[in-house]
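Down below is the structure, laid out as structure tokens.
Computed from the coordinates by the stated procedures, all read-outs in this text should not be read as laboratory data. The structure displayed is predicted, hence computed values, not measured ones. Neighbour counts run over all protein chains shown; Cβ positions are idealised from the backbone, glycine included.
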Amino acid sequence: MASGLMDVIANALNLITSAFDAPTGAIIFGVPIDGHLMLEALLVMVIVFQLTKKSHKPPKKPLTEKEIDELCDEWVPEPLTSDSTEETMIKPPTLESAAGPHVIVDGKDVVNFASANYLGLVGNKDVIDSCVGSLEKYGVGSCGPRTFYGTMDVHLDCEARIAKFIGMPDCALYSYGFCTIFSVIPAFSKKGDIIVADEGVHWAVQNGLDLSRSTVFYFKHNDMKSLEAILEKITSRIKEPEKVRRYIVVEAIYQNSGQIAPLNEMVRLKEKHKFRIILDESHSFGVLGNSGRGLAEYCGVPNEKIDIITAGMGNALATDGGLCTGSVGVVNHQRLMSSAYLFTASLPPYLASAAIGALEYLEANPSVLTKLRANIAFLLKELSDVSGLATVGHPLSPIIFLKLKKSTGSNKTDMHLLDSITNQVLKEHSVLIVTTKRSSLDKCPLPLGLRLFVSASHSESDLVKAAASLKKVAAVAFS
Amino acid sequence: MVRLPYTTALTTLFSYGLLFVFGQLRDFFRKLLGWIRKPKDQLKGYAPICLGLEDFYVRRLYLRIQDCFGRPIASAPDSWFDVVERCSNDNNKTLHRTEKTSRCLNLGSYNYLGFAAADEYCTPRVIQSLKEYSASTCSTRVEGGTTKLHVELEELVARFVGKEAAILFGMGYVTNSALIPCIIGKGGLIISDSLNHNSIVNGARGSGATVRVFQHNTPSHLEEVLREQIAEGQPRTHRPWKKIIVIVEGIYSMEGELCKLPEIIAVCKKYKAYTYLDEAHSIGAVGKSGRGVCELLGVDPADVDIMMGTFTKSFGSCGGYIAASKEIIQYLKFSCPAHLYATSMSPPAVQQVISAIKVILGEDGSSRGAQKLARIRENSNFFRSELQKMGFEVLGDNDSPVMPIMLYNPAKIPAFSRECLQQNVAVVTVAFPATPLLLARARICISASHTREDLIKALEVISKVGDLIGVKYFPAEPPKHLNQGHNKLE
């Protein structure tokens, strides 16, 4: 039995071997084709066939019209805005006269610390006369953007005057102070560029940083060591420094804290690491420095070291609009690339005349700056012992910022407390001071507080009254 | 609709190609010279403000025709004004003012109802408010910047437009860019018309929401996009959208077209999307009583969720407004950054708008408002029909005071502008990037203060210049005597 099986297997093996080696007699390309080559050719064909067959995927089924209809019917949108509650009903005081050091609210005369009228130009006769002349000649609005017959000779005169005042070669005039900075930053910094900004910058700067799509790093508020650390980190990581634009964005006087940026130190850092500075001088233009030229004059830094200076004119110059100066290349670049310059109507001519009038007044009366500084010093001394509130901020800043010594826990309750203080001060003592407001879109981490805007036209009795009433109300609120 | 003939497209592309080649040649020589001269030391290590080709268009194309843009004027932008002449010593790279001015007919300013210059009702009141409130309040609206005038204007605007409440802003551009992030954020969808203004684009980008575009003024495509987006949901996660806002404009300033508002509102209502209407050019200028596109097309203002407008064009002032329901305005007054942080609108400008609206509504005791509205309608329709009869390609709908005349070729832009200026007619020419590259145009803005003689003179000059430079792309109708046409329309 076993040997029979063995014989069968041996015979089969012999057959297969002979079939493999049997010459078929065919010769292709000089190579004799043997039997095993046929088997190999068959195997190759099977492999190729499997490879070319598509793998099994489940068929894609796009949504039918009926299904889309159902989805559209089911979808429920959120309401456009959230419901208003008691605290969202802000009722600001309605002014019935010019916003000078004294103003009429609800028929009563009130001492006004809510207007950034630093040089006391609100109500100035000469400025108003030049505005009246402008109104009669040009009307109110300019009816066109700068490129399409919206440029009036008043605008060009104003730009030349401001440039001469600051000491820069040229200046670009914007039609609204608020949008100057958030249009300048995206004009110079694009995707792929690097910006280092202070964490306490106000919303317009934050919006500009978002719109520019650049990489943004924040450093601790007014802390030069933190800035230096970040600059070193960035410079060590950049591979092609000549292709990446780098900027430092700071404010001269911070709206959210009253601090002043240390420009000397910043210029030293910027020159070491090859960054450009964008400086927002909205609250320091016309205030700092011996002749009011701003932070550069105050710190003794030559103008060429600061690359871009922007300012809103709605503060010391008591008009509206914005300006941006720098070297000739910087200003020309803006005239063609800055959205708020190109795509919007230009500044109303009477406001440009008011700006020129304000600068002429400042140049003719530099003593107004000493008066302003004296007022600030006096008020700071009077406010040094208010219960529950502490003055933070630079002694030269015309924004006196009082923050809570101890926070009540959340921004909302802090706001409540501060609002009640300001309401009482207004109702019982006729002094108008304000709390810092925070929009839900604002990312600034600095604490809330009370703000007093000091003006050169405040008299000593005004300052005494303000300090005394705030002390009384705070004593009750924090007892 | 723009019908671009093939030959014109070819010649335009060829012209741009030639300019590009010459520009590159000049750049090459500039680089060569830059190599030879050593670079300034103080800029070593800094990246230049414009790298490579970023400002190529500006340097090589725009600067050649710079004298057609930014022309300064020395008087009010009324129907006739003084244009300051400029001269250049270095082939248009820098321009210098001269003392000479020339009196020209103004076809470029946005002065639809003629409030640009001193007006007999408005100006005395504006001067009064200037003396009372001074040029600025130096404060934000929520602090010490709200005056009686602001409150009065907000109520007046709400009444004029037909909504419950309104809020003012100091500038039209800021109104859009600071408002859109307030009402929509991440997880929301913005569907905007493809030709929307730069301020809307900026606002949409700054909000963090997803942005989709639908074909200009095509409600059927809007419906397609809405269906697709609602069915798909948010990108990648496919969660349903939080809310959808559709943004359109009343009159598109570069096309002169009216928005197809009734159809778009119907589509939005069907799919529960919110509508945002930007009436920058149409408020005060169209509609029987000047109430804008809603009145003209018979749409109930309650159907549009948010209506935005500016005071620069028809009211001769500055600033913008938003009109919506009481809840929305209350919310905006609490959280919109432009309301909380920006200096409030200048009081004389507020008074100008109050007086202008009173004139339009007839509340000043005269019928000047109704006369102005009738005149601008008559003027626009007359001018447009005459231009079309002459053979120009004019865009825009009837009743719209904005009429673009197509030029196409880049060389015709400065030719048209300079020739018209020589004959004392000031026109505005627009090229890339405000319009697509091939579709350069001259844009005419008609005002109610233009008289019939002014328009006839303008037509003569434009016709002569059009023949000279060859922009009459369509066959002209056989010339009727212009006086005959004048009699027929009266």
- Note on the structure: Whole-number value, in Å³ per residue, for the convex hull of the alpha carbons of the range A:290-359 is 95
- Item | Inter-chain Cβ neighbour average for residues B:169-179, partner chain, 10 Å | 6
- Message: Which one, B:Val299, B:Val471, B:Phe20, is farthest towards the positive end of the dipole of chain B when Lys and Arg carry +1 and Asp and Glu -1 on their Cβ?
- Response: B:Phe20
- Query: Amide H to amide H under 5 Å from A:Leu95: which residues, 5+ apart in sequence or cross-chain, H placed 1.01 Å off N in plane?
  - Reply: B:Thr146, B:Thr147, B:Lys148
- Task: Take the Cα of A:Lys371, step 7 Å along the line toward its Cβ, and report every residue of the range A:387-420 whose backbone nitrogen sits under 20 Å from that point.
- Result: A:396-400
- Quick one: work out Rg over Rh on the C-alpha atoms of the range B:397-477, Rh as Kirkwood radius. 0.95
- What order do you get for A:His56, A:His273, A:His155 when you list them from fewest to most C-beta neighbours inside 10 Å? A:His56, A:His273, A:His155
- Note on the structure: Given 10 °C, 1.306 mPa s and a Kirkwood radius over Cα pairs, the Stokes-Einstein diffusion coefficient of the range B:14-155 in µm²/s is 76
- Note on the structure: Taking only the Cα positions of the range B:348-387, the convex hull volume per residue in Å³ is 62
- Query: Once amide H atoms are built 1.01 Å from N in the peptide plane, which residues 5 or more positions from B:Arg212, or in another chain, come under 5 Å H to H?
  - Reply: B:Ile190, B:Ile191, B:Ser192
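Using helices alone, what [θ] at 222 nm do you get for chain A, with -39,500 (n - 2.57) per DSSP H run of 4 or more residues, divided over all residues and rounded to the nearest 500?
-14000 deg cm²/dmol
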- Item | Hydrodynamic radius by Kirkwood, which averages 1/r over all alpha carbon pairs of the range B:316-391, in angstrom | 15.9
- Please give the net charge around B:Gly23, taking every other residue with its beta carbon less than 13 angstrom from that of B:Gly23, where Lys and Arg add +1 and Asp and Glu add -1. +4
- Item | Between the range B:194-239 and the range B:60-117, the alpha-carbon center distance in angstrom | 38
- Within straight cross-link reach of B:Lys464, meaning Cα distance under 18 Å, which lysines are found once same-chain residues fewer than 8 apart are removed? B:Lys389, B:Lys412, B:Lys472, B:Lys480
- So how do A:Leu269, B:Leu226 line up by other beta-carbon neighbours within 10 Å, fewest first? A:Leu269, B:Leu226
- Note on the structure: Per residue, the convex hull enclosing the Cα atoms of chain B spans a volume in Å³ of 196
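At 222 nm, what value in deg cm²/dmol follows for chain B if DSSP H runs of at least 4 each add -39500 (n - 2.57) and the sum is divided by all its residues, to the nearest 500?
On the way: 15 runs with 198 residues, N = 490.
Mean residue ellipticity at 222 nm (helix-derived): -13000 deg cm²/dmol.
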- Task: Please report, in debye to the nearest 20, how large the charge dipole of the range A:130-193 is about its Cα centre when each Lys and Arg carries +1 at its beta carbon and each Asp and Glu carries -1 there.
- Result: 180
- Label points 7 Å out from Cα along the Cβ direction at B:Lys272 and B:Thr7: separation in nm? 5.7
- Message: Just to confirm a number: summing +1 for Lys and Arg and -1 for Asp and Glu over residues other than A:Glu281 whose beta-carbon lies under 12 angstrom from that of A:Glu281, what do you get?
- Response: -2
- Note on the structure: Taking a label point 7 Å from the Cα of B:Asn398 along Cα-to-Cβ, the residues of the range B:244-284 whose backbone nitrogen sits under 11 Å from it are none
- Pull out the extension gain between A:Lys125 and A:Trp75, defined as 0.36 nm times the separation in residues minus the alpha carbon to alpha carbon distance; nm, one decimal. 11.9 nm
- Note on the structure: Around B:Gly256 (Cβ within 13 Å, Cβ-to-Cβ, excluding B:Gly256; K/R +1, D/E -1) the net charge comes to -3
- Percent of beta bridges antiparallel (DSSP, chain B, rounded to nearest 5): 60
- Task: With label points built 7 Å along Cα→Cβ from the Cα atoms of A:Lys406 and B:Leu33, find their separation and express it in nm.
- Result: 7.2
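Kirkwood Rh, Cα Rg: Rg to Rh for the protein assembly as shown?
Across the protein assembly as shown, the Cα-based Rg/Rh ratio is 1.09.
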- Which translational diffusion coefficient, to the nearest whole µm²/s, is obtained for chain A from the Stokes-Einstein equation, given a Kirkwood hydrodynamic radius over C-alpha pairs, 4 °C and 1.567 mPa s? 47
- Message: For the range A:329-432, take every pair of Cα atoms, bin their distances at 5 Å starting from 0, and report each bin as a whole percent.
- Response: 2, 9, 10, 12, 13, 10, 11, 14, 11, 6, 1
- Work from the charge dipole of chain A (Cβ charges, +1 for Lys and Arg, -1 for Asp and Glu, about the Cα centre) and give the residue of A:Ser214, A:His56, A:Cys299 farthest towards its positive end. A:Cys299
